[in-house]
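The values are calculated or read from the model by the stated rules, or taken from the named source; none is laboratory data. What you see is a predicted model, and the numbers here were worked out from it, not measured in a lab. Cβ placement follows ideal geometry from the backbone for every residue including glycine, while neighbour counts extend to all protein chains displayed. Surface accessibility is based on the protein's heavy atoms, side chains included, excluding ligands, DNA and RNA. Shrake-Rupley method; radii C 1.70, N 1.55, O 1.52, S 1.80 Å.
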Amino acid sequence: MADLDLFERINSLSSEEEELYASASDGGGLSDEERERLRSINVELDRCYDLLHQRQARAAAGLDPAAASARPADVVESYEQ
């Protein structure tokens, strides 16, 4: 996945996340399904950012950014913040 594709994916996920938060701001909160979707969006955003950082690091090191690969959710989500 090229950087531009990653940026587009990140923007799309972020927009969906904002829509969910906006719908919850009416005082009704989120349904279980919406909370699960929000969690999925957050995990996918973490994976996209991780892949983007891998690609940028490889490019900065003179390596092929296309050789970077998306890591599984359980790996990305276990990083210490």
_With every protein chain kept in place and ligands, DNA and RNA left out, what is the accessible area per residue of the chain? Probe 1.4 Å, answer in Å²._
68 Å²
_Rg and Dmax of the chain, Cα atoms only, in Å_ = 15.1, 51
_Charge dipole (the chain, unit charges on Cβ, about Cα centre) - positive-most of 42, 79, 21_ = 79
_Computed [θ] at 222 nm, helices only, for the chain once each DSSP H run of length n ≥ 4 contributes -39500 (n - 2.57)_ = -23000 deg cm²/dmol
*Give, as ranges by residue number, the residues of segment 37-81 whose backbone N falls under 18 Å from the point 7 Å along Cα→Cβ of residue 24.*
37-46
*Calculate, in nm to one decimal, what residue 43 and residue 8 gain on full extension: separation in residues at 0.36 nm each, minus their alpha carbon distance.*
11.0 nm
*What residues have an amide H closer than 5 Å to that of residue 68, excluding those fewer than 5 places away on the same chain, when H is modeled at 1.01 Å from N in the peptide plane?*
none
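Size of the dipole of the chain about the Cα centre, Lys and Arg at +1 and Asp and Glu at -1 on the beta carbon, nothing else charged, in debye to 20? It would help to have the intermediate numbers written out before the result.
Values: 8 positive and 19 negative charges, 88 e Å.
For this selection, approximately 420 debye.
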*Karplus-derived 3J(HN,Hα), 6.51/-1.76/1.60, for each residue of segment 13-28, Hz, glycine and proline x*: 5, 5, 5, 5, 4, 4, 4, 5, 5, 5, 5, 7, 6, 7, x, x
